[in-house]
Amino acid sequence: MRERNGATAIVIGAGMAGLVTARVLSDHVDRVTVLERDRLPQDAVTRRSVPQGRHAHVLLARGQRLLDGWFPGLFDDLVQAGAVPLDAKDLVWHQAGAYRVRSDLGFLAMSMSRPLLERTVRERLLRQRSNVSITDEAAVDRLILEGGRVAGVRVDGAEHRADLVADCSGRNTRFLDQLAKEGFPAPEVSAVRVDTAYGTRIVRRRPDDLDGTLALVVDDPTRGHRMGTMVPVEGDRWIITVGSFHGDVPPTEPDEYEDFARSLPSPVIADVLARADAFTPVLSHRMPTSRRRRVERLERTPPGFVVLGDAVCSLNPVHWQGMSSAALQARALGQAVERHGPASPALAGDFYRRAAKVVDVPWKIAAGADFADPRTSGPEPTGTDLVNRYLDKVLRACHTSIPVARQTLRVQNLLARPESLMTPAMVLRVLLAARRSPAGVEMPAAPSARRRPAA
């Protein structure tokens with residue numbers, strides 16, 4: 001490890017990207033200060049700067065493994081707070097016209113609300129890393145630029161200096177605009193228009209609600225592309241999120257919302273929703289584009305500053321990749337700092353190249369899936385149509401083949417590269433299994449939303 005030599009870092013934003021970035025930087029500098037514009041709540045409740053925190057979230061296996069390593073004891077804390085342990089074989093997944101055969105990843109995951117995860121990570125960070133501090137209600141006004149490098153930030157007119165500033169303020173970061181006004185080039189932006197709209201309701205969870213512990217239902221994207229997710233969280237609750245694309249907005253009136261859920265190709269979510277006690281009204285959110293800033297193509301960027309998380313790549317949230325992508329970017333930043341040091345002019349360029357490799361896989365997975373809907377527009381990855389035709393067969397093979405379903409789950413959890421589904425042996429397995437799919441022949445019976453016998 002490099003000598004720290006009194007180096008300091010500032011992280012802008014105390015969301016998941018900011019927290020894991022602070023954890024990684026704490027290994028390489030003497031002091032890390034996290035500045036958050038919101039007031040951070042003591043309880044696991046949503047806050048203004050994280051509007052998606054009200055909706056269903058899933059932490060992918062790759063992200064969970066990183067958190068396991070950075071925060072020993074984190075998942076014990078989550079279980080004590082009511083998070084639900086999940087085995088992948090308990091997933092009820094309906095896609096491409098039928099139910100996916102049950103498979104597993106070999107370890108337990110955790111399901112909880114985004115606010116609970118964020119609060120628990122924040123508490124663990126402060127407990128385990130004495131050189132990290134978090135200041136809330138501290139809105140950063142602008143970067144301090146001196147001699148062509150970033151030397152810190154200004155908050156309410158006060159200067160906070162550091163050797164490295166990491167911007168984790170989200171997809172609408174203002175600081176790249178400031179740098180552009182100061183003469184630094186702005187990154188190219190790739191935007192895929194999906195116009196995702198979704199509505200969420202939190203309801204009471206009963207032990208007999210579902211033959212499984214998490215449900216995902218996705219319609220055929222060529223015929224409307226509606227989807228639904230039902231995630232078990234603390235407090236014996238389900239977070240139910242239904243959504244669609246390109247102007248098909250879920251209604252917020254409860255009966256119409258239930259009708260929307262009933263329009264999905266599997267009834268499992270609607271059946272639970274119909275008989276559950278609701279804790280919240282229907283909460284809505286809309287995201288017009290997936291967006292990627294091509295920071296790795298910048299020819300010039302100021303030393304002392306990097307941007308990561310959603311500011312680099314903000315993906316369609318229905319693919320669940322945001323938190324894991326941020327964690328992988330944070331790990332890449334740690335590798336770059338280890339090599340160059342926090343103040344090096346070479347740091348940003350090296351990190352952005354590493355981050356681009358991290359982002360490439362989830363971006364291709366998400367963008368490719370979104371382009372299965374013919375209404376999607378934007379820069380389409382090369383070969384997307386051909387890949388999507390093959391992936392349709394992969395999804396159909398998942399209806400009958402445990403090996404294909406397991407490997408597909410590994411790819412979707414960022415544990416394996418998409419190319420692993422395209423080896424000669426796997427292609428043969430996919431083609432044979434896809435022929436046995438019940439999709440388009442006879443819809444299988446839904447997993448039971450088992451009801452208690454009448455008294």
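For the chain, max minus min Cα coordinate along each principal axis, in Å, sorted largest first?
Sorted from largest, the Cα extents of the chain read 70, 51, 39 Å.
What's the ranking of 147-155, 73-81 by average number of surrounding C-beta atoms within 10 Å, highest first?
Output ranking for 147-155, 73-81: 147-155, 73-81.
Quote the relative contact order of the chain in percent (integer), defining contacts as alpha-carbon pairs under 8 Å separated by 6+ residues.
Once normalised by length, the contact order is 21 percent.
Let's see if you can work this out: charge +1 on each Lys and Arg Cβ, -1 on each Asp and Glu Cβ, no other charges. What is the dipole magnitude of the chain about its Cα centre, in debye to the nearest 20?
In total the dipole reaches around 840 debye.
Sorted by packing (mean other beta-carbon atoms within 10 Å per residue), highest first, where do 412-423, 329-340 land?
By packing density, highest mean first, the sequence is 329-340, 412-423.
Using only helices, what value at 222 nm comes out for the chain when you add -39,500 (n - 2.57) per DSSP H run of length 4 or more and divide by the total residues, to the nearest 500 deg cm²/dmol?
Rounded to the nearest 500, it is -10000 deg cm²/dmol.
Are there trypsin sites (Lys or Arg not before Pro) in the range 96-136 that DSSP marks as loop and that have at most 13 other Cβ atoms within 10 Å, and which are they?
Answer by residue number: there is no such site.
Putting +1 on Lys and Arg Cβ atoms and -1 on Asp and Glu Cβ atoms, find which of 180, 97, 386 reaches farthest to the positive end of the dipole of the chain.
Projecting each Cα onto the dipole axis, the largest value belongs to 386.
Quick one: work out the % antiparallel among DSSP beta bridges in the chain, nearest 5.
Working: 49 of 69 bridges.
In the chain, approximately 70 percent of DSSP beta bridges are antiparallel ones.
Would you mind pulling out the separation of the Cα centroids of the range 142-201 and the range 1-57, in Å?
Using only Cα atoms, the two centres lie 15 Å from each other.
What ³J(HN,Hα) values, in whole Hz, does the Karplus curve 6.51 cos²θ - 1.76 cosθ + 1.60 give for the range 233-249 when θ = phi - 60°, with x put for Gly and Pro?
Running phi through 6.51 cos²θ - 1.76 cosθ + 1.60 with θ = phi - 60° gives 9, 4, x, 6, 10, 9, 9, 10, 10, 10, x, 7, 10, 6, x, 8, 8 Hz.
Would you check the chain for Lys pairs whose C-alpha atoms are within less than 29 Å, ignoring same-chain pairs closer than 8 in sequence, and give me the count?
So the count of such lysine pairs works out to 5.
Taking H placed 1.01 Å from N in the peptide plane, check which residues at least 5 places from residue 86 or on another chain put their amide H under 5 Å from its amide H.
109, 110, 111
All of the numbers you see were taken from the coordinates with simple rules; none came from a lab. Keep in mind that this is a model prediction, so the values were computed, not measured. Please note: Cβ atoms are built from the backbone with ideal geometry, for glycine as well, and neighbour counts cover all protein chains shown.
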